[in-house]
1. Starting from 0.36 nm per residue, how many nanometres of slack lie between residue 145 and residue 232 once their C-alpha separation is accounted for?
2. How many nm is it between the label spots at residue 2 and residue 92, if each spot is 7 Å from the Cα in line with the beta carbon?
3. So what is the relative contact order for the chain, in percent, with contacts set as C-alpha pairs under 8 Å and at least six apart?
4. Once you charge only the Cβ atoms, +1 for Lys and Arg and -1 for Asp and Glu, what is the size of the charge dipole of region 4-157 about its Cα centre, to the nearest 20 debye?
5. Using the Cβ atoms and a cut-off under 10 Å, what net charge is assigned to the surroundings of residue 75, where Lys and Arg are +1 and Asp and Glu are -1?
6. Multiply the residue gap between residue 54 and residue 152 by 0.36 nm, knock off their C-alpha separation, and tell me the result in nm, one decimal place.
7. Grab the Cα-Cα distance for residue 112 and residue 46, subtract it from 0.36 nm times how many residues apart they are, and report the gain in nm with one decimal.
8. For a quick check, take a GNM of the chain with Cα springs below 10 Å and name the residue from 152, 64, 201 with the largest mean-square fluctuation.
Amino acid sequence: ITGTVPLSSVIDPENIIVPNTLYGFSELYFNSDEIVNGQGYWINASSDGVITLTNNASARTNITFSDRTLTANRISFNGMDLFFGVEIPDNELLSYSLPPQPPAGALDARFEGDLRVVEEHGEIKLMHTEENVSIEYSISIDAGEHMNWVLTSANGEENILDGTGEFIIAACDQFYLKRKEAIPLEFAIHQNYPNPFNPTTMLRYELPEYSFVTLTIYDMLGKEITTLVNDQQEAGYKSVRWDATDSMGKPVSAGVYLFQISVDNLSNQSQRRLVKTLKMVLLK
């Protein structure tokens, strides 16, 4: 055969070709929808079998494939694209698989498991030839409230991915991409919601540092009703539910109650303890 063979002209009577897995190679792997005479290609097949190449237009078949990466977040390492933020059904994962890693000296980026896409997190293996790597990204699927998409290099350097952008960092063999809880800038406690409430309410607070937290409910006479939190906690946005019961699990009467939070910063021992108290109203 001379000339170019469109992938849609490949005769595959047993349907062994995995859609979206025809790759060419030119310094890095790239998806292709045609086979050019004289070039080498890699293709994934679900089993042994026979396919026939033809450039006869009448032999063309319709290949049904819906590319889920079209709406996904994109991150590119020196021009090689990976995707994240979308769920891929198990029966379609092979369509987003990459060929085996190329020989040393080539450029390659892939998620663990030789995949081009992950949903929320994944380790990225990078082959590189330069001291620095150029990273571009485009975020179309938000990480969610109080969450960030974070790319962490092997040395622990973190980069938040938001909107679109580009940066250059020292090249390393591994990165880690994760949907990660955002870190507040300062300590805060918020009014419970709903307030007034019956029978449950949410208490929210923010920790900028690793801390020991105690959250206690009192009545208006200062009598301790129950302790909801008494533990060490990582930095982040926190919430806890109170169901209007005491420490024995018995319902309390309607009225005004106090919730008090005390925080001891475990990351900075010189910082004093922080204590804040707010009122809430239980209706019945």
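The values are calculated or read from the model by the stated rules, or taken from the named source; none is laboratory data. Just so we're clear, the structure is a prediction, and the values are computed from it rather than from any experiment. For neighbour counting, all protein chains shown are included, and Cβ atoms are generated from backbone atoms with ideal geometry for every residue, glycine included. Accessible surface is based on the protein model in full, side chains and every heavy atom, while ligands, DNA and RNA are left aside. Shrake-Rupley method; radii C 1.70, N 1.55, O 1.52, S 1.80 Å.
1. 29.0 nm
2. Here the modelled spin labels are 4.1 nm apart.
3. 12 percent
4. Using only the charged Cβ atoms, the result is roughly 480 debye.
5. For residues surrounding residue 75, the net value is -1.
6. 30.6 nm
7. My answer for the length gained is 21.7 nm.
8. 64
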